[in-house]
Amino acid sequence: MSDSQGPLWEVFVQKKAGQPFVHCGSLHAFDKEMALQNARDLYTRRNEGMALWVVPSSAITASSPEDMGSFFEPANDKVYRHPTFYQIPDAIGHM
Amino acid sequence: MENKTYEDLFEAKLAKNEMIEPKDWMPENYRKHLIRQVSQHAHSEIVGMLPEGNWITRAPSLRAKKVLLAKVQDEGGHGLYLYTAAETLGISRDELLDNLHTGKAKYSSIFNYPTLTWADIGAIGWLVDGAAIMNQVMLQRTSYGPYARAMVRICKEESFHQRQGYEIMTHLAFGTPEQKAMAQDAINRWWFPTMMMFGPPDAESPNSENAMKWRIKRETNDQLRQRFVNQTVPQVEYLGLTVPDPNLKWNEAKKGYDFSEPDWTEFKNVISGNGPCNKERLGARVKAHKDGAWVREAAAAYAKKQNQSIAA
């Protein structure tokens, strides 16, 4: 959605080195430099992060809630993807 | 699959305390209610910068000035979190701002009162932000996801606002007799307008029923107002100051204070545009927006040029 405030961007913050980038909100800006500077002023005023990503909202494709059931269904009946599915002899201990 | 309607699914989510997200189906009235409430909240943050901004150049010390600047900047940030939350409901930033500038949308009546002395800055941080926090803590669990997430951020940041306000009040209340009188005068003027911030009594609140049903609000106006009074009176007493309400009295049976209702006629009057500063506040907002037009145009032109040179 573009208007006189510039297009919408999604902001992702990395709290500490080595941690994943987490979505923290959105903002308006006219270009990527401005988006990055606005993200710093808006979302990291109290050292909330040490690295930022800004992504045009229009570039994001999202799954739709209506299809949620069937979309994620393939994972439902595959308990054998979890370690607890397997029996390991007690004598072996932790594996 | 059971044959459930969208409405059933929506109700089921609310019943399970699950959050509604932007792409979920929602009743049109729920959407409308939220656009009204979230945008009103955003406008209040932005207009709320004005009465305090009034004192930045006159703060009594460099420390006080830095703190006030940081607080006013936070309010701007809070407005921006809330505007983007409102936009997820399908309204554009331009429409939101237009609604504010044309008077179609409201903002909290509290910001239509003037900040006459430095003590008012203390009273706003302590009382006004204190009342806002009470409301916002509840809203962290509101049923609309983007609104709830904005509230979590805001609540984290607000607690400094209230503490800095009370610190100003302690300096004045334990200062010279003139300073103490100034602090009392600020309480006298801000007490009832602050009480109005929780909205009309439950029996007369037109939007409350739906807000509770949809879990947008989880406590009523009167419940929040009562809690605010219970929490604040001991803080006033500590300062050696008084609440300007002759009917204020501890009620042992309800483990809370009895108190006078604010003047609801005044409240309606201020909301409908006739408070002491309505024209000034809206005028300042519209002027700031107009004065910023060339910046937006220049930034848009620059971005366009950058994109063209990349494409070429």
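The values are calculated or read from the model by the stated rules, or taken from the named source; none is laboratory data. Note that the coordinates shown come from a computational prediction; the quantities given were computed from them, not determined experimentally. Note: ideal-geometry Cβ built from the backbone for every residue, glycine included; neighbour counts use all protein chains shown. We work out accessible area using only protein heavy atoms, side chains counted, and drop any ligands, DNA or RNA first. Shrake-Rupley method; radii C 1.70, N 1.55, O 1.52, S 1.80 Å.
Just to compare against my own numbers: the Cα pair-distance distribution for the stretch B:124-215, 5 Å bins, whole % per bin, please.
With 5 Å bins starting at 0, P(r) equals 3, 13, 17, 18, 17, 13, 9, 6, 4, 1, 0.
In the stretch B:26-170, what is the count of Lys pairs whose alpha carbons are under 27 Å apart, counting only pairs at least 8 residues apart or on separate chains?
Working: B:Lys32/B:Lys104; B:Lys32/B:Lys106; B:Lys65/B:Lys156; B:Lys66/B:Lys156; B:Lys71/B:Lys106; B:Lys71/B:Lys156; B:Lys106/B:Lys156.
Close lysine pairs found across the stretch B:26-170: 7.
For the residue pair B:Ser61 and B:Glu178, what label-to-label distance in nm results when each label sits 7 Å from Cα along the Cα-to-beta-carbon direction?
In this crude label model, B:Ser61 to B:Glu178 measures out at 1.8 nm.
Taking Rh as the Kirkwood radius computed over C-alpha pairs, what is the Stokes-Einstein D of the stretch B:25-122 at 10 °C in a medium of viscosity 1.306 mPa s, expressed in µm² per second? Before the final figure, lay out the partial values.
On the way: Rh = 14.6 Å.
D, rounded to a whole number, is 109 µm²/s.
Sort chain A into rounded, prolate or oblate with this rule: let a ≥ b ≥ c be the square roots of the eigenvalues of the Cα gyration tensor; rounded if a/c is under 1.5, and if a/c is not under 1.5, prolate when a/b is larger than b/c, oblate otherwise. Working shown, then result.
Values: a/c = 5.26, a/b = 1.85, b/c = 2.85.
Cα axes put chain A in the oblate bin.
What ³J(HN,Hα) values, in whole Hz, does the Karplus curve 6.51 cos²θ - 1.76 cosθ + 1.60 give for the stretch B:103-110 when θ = phi - 60°, with x put for Gly and Pro?
x, 6, 9, 9, 9, 4, 4, 4
Just report the Cα centroid separation between the stretch B:125-192 and the stretch B:237-257, whole Å.
For the stretch B:125-192 versus the stretch B:237-257, the Cα centre distance is 19 Å.
State, to one decimal in nm², a quarter of the convex hull surface area for the C-alpha atoms of the stretch B:238-302, i.e. the direction-averaged projected area. Intermediate results must be reported in sequence, preceding the final value.
Details: hull surface 37.3 nm².
Over all viewing directions, the stretch B:238-302 projects a mean Cα-hull area of 9.3 nm².
Taking the Cα centre of the stretch B:49-160 as origin and charging only Cβ (+1 Lys, Arg; -1 Asp, Glu), how large is the dipole, in debye to the nearest 20? If you can, show how the numbers build up before the last one.
Working: 12 positive and 11 negative charges, 60 e Å.
Dipole of the stretch B:49-160, to the nearest 20 debye: 280 debye.
Compute the separation of the alpha-carbon centres of the stretch A:61-95 and the stretch A:28-49 and state it in Å as a whole number.
Their Cα centres are 38 Å away from one another.
How high is the relative contact order of chain A, in percent, with contacts defined as C-alpha pairs under 8 Å that are six or more residues apart?
Details: 103 pairs, mean separation 24.8, N = 95.
In percent, rounded to a whole number, it is 26.
Where nothing but the Cβ of Lys and Arg (+1) and of Asp and Glu (-1) is charged, how large is the charge dipole of chain B around its Cα centre, in debye to the nearest 20?
Working: 40 positive and 38 negative charges, 171 e Å.
Roughly 820 debye, rounded to the nearest 20.
Mind checking the full-extension length gain between B:Ala293 and B:Asn210? Use 0.36 nm per residue of separation minus the Cα-Cα distance, one decimal, nm.
Working: separation 83, 0.36 × 83 = 29.88 nm, distance 3.84 nm.
Here the answer is 26.0 nm.
With the contact rule set at Cα under 8 Å and sequence spacing of 6 or more, what percent relative contact order holds for chain B?
Details: 344 pairs, mean separation 57.8, N = 312.
Normalised by residue count, the contact order of chain B is 19 percent.
Got the relative contact order for the stretch B:162-310 handy, in percent, Cα pairs under 8 Å and 6 or more residues apart? Intermediate results must be reported in sequence, preceding the final value.
Working: 85 pairs, mean separation 28.0, N = 149.
Answer for the stretch B:162-310 is 19 percent.
Quick check on chain B: helices-only [θ] at 222 nm, where DSSP H runs of length 4 and up contribute -39,500 (n - 2.57) each and the sum goes over total residues. Nearest 500, please.
Details: 14 runs with 199 residues, N = 312.
Value at 222 nm, helices only: -20500 deg cm²/dmol.
Over the alpha-carbon set of the stretch B:172-291, work out the extent along each principal axis and list the three values in angstrom, largest first.
44, 41, 23
Taking every eigenvalue of the Cα gyration tensor of chain B, multiplying by 5 and rooting it, what semi-axes result, largest first, whole Å? It would help to have the intermediate numbers written out before the result.
On the way: eigenvalues 235, 162, 57 Å².
They are 34, 28, 17 Å, listed largest first.
Can you pull the one-decimal nm distance between simple spin-label points at B:Arg163 and A:Asp77, each 7 Å off the Cα toward Cβ?
About 5.6 nm, to one decimal.
Dividing the Cα convex hull volume of the protein assembly as shown by residue count, how many Å³ per residue is that? It would help to have the intermediate numbers written out before the result.
Numbers: hull volume 97.3 nm³, N = 407.
About 239 Å³ per residue, rounded to a whole number.
About the Cα centre, and with charges only on the beta carbon of Lys, Arg (+1) and Asp, Glu (-1), how big is the dipole of chain A? Nearest 20 debye, please.
Numbers: 8 positive and 11 negative charges, 101 e Å.
The dipole magnitude comes to about 480 debye.
Using θ = phi - 60° and the Karplus form 6.51 cos²θ - 1.76 cosθ + 1.60, what ³J(HN,Hα) does each residue of the stretch B:147-160 get, whole Hz, x for Gly and Pro?
5, 4, 5, 4, 5, 4, 4, 5, 4, 4, 7, 5, 5, 5
Please compute the per residue accessible area over chain B with all protein chains in place, 1.4 Å probe, rounded to a whole number of Å².
That works out to 49 Å² per residue.
Enter the angle in degrees (range 0 to 90, nearest 10) between the Cα long axis of helix A:32-43 and the first principal axis of the Cα atoms of chain A, meaning the one along which they spread out most.
The answer is roughly 70 degrees.
Kindly write out, for the stretch A:64-69 in residue order, the coupling ³J(HN,Hα) from the Karplus curve 6.51 cos²θ - 1.76 cosθ + 1.60 (θ = phi - 60°), rounded to whole Hz, with x marking Gly and Pro.
Running phi through 6.51 cos²θ - 1.76 cosθ + 1.60 with θ = phi - 60° gives 9, x, 4, 8, 3, x Hz.
With label points built 7 Å along Cα→Cβ from the Cα atoms of B:Ala70 and B:His171, find their separation and express it in nm.
Distance between label points: 1.4 nm.
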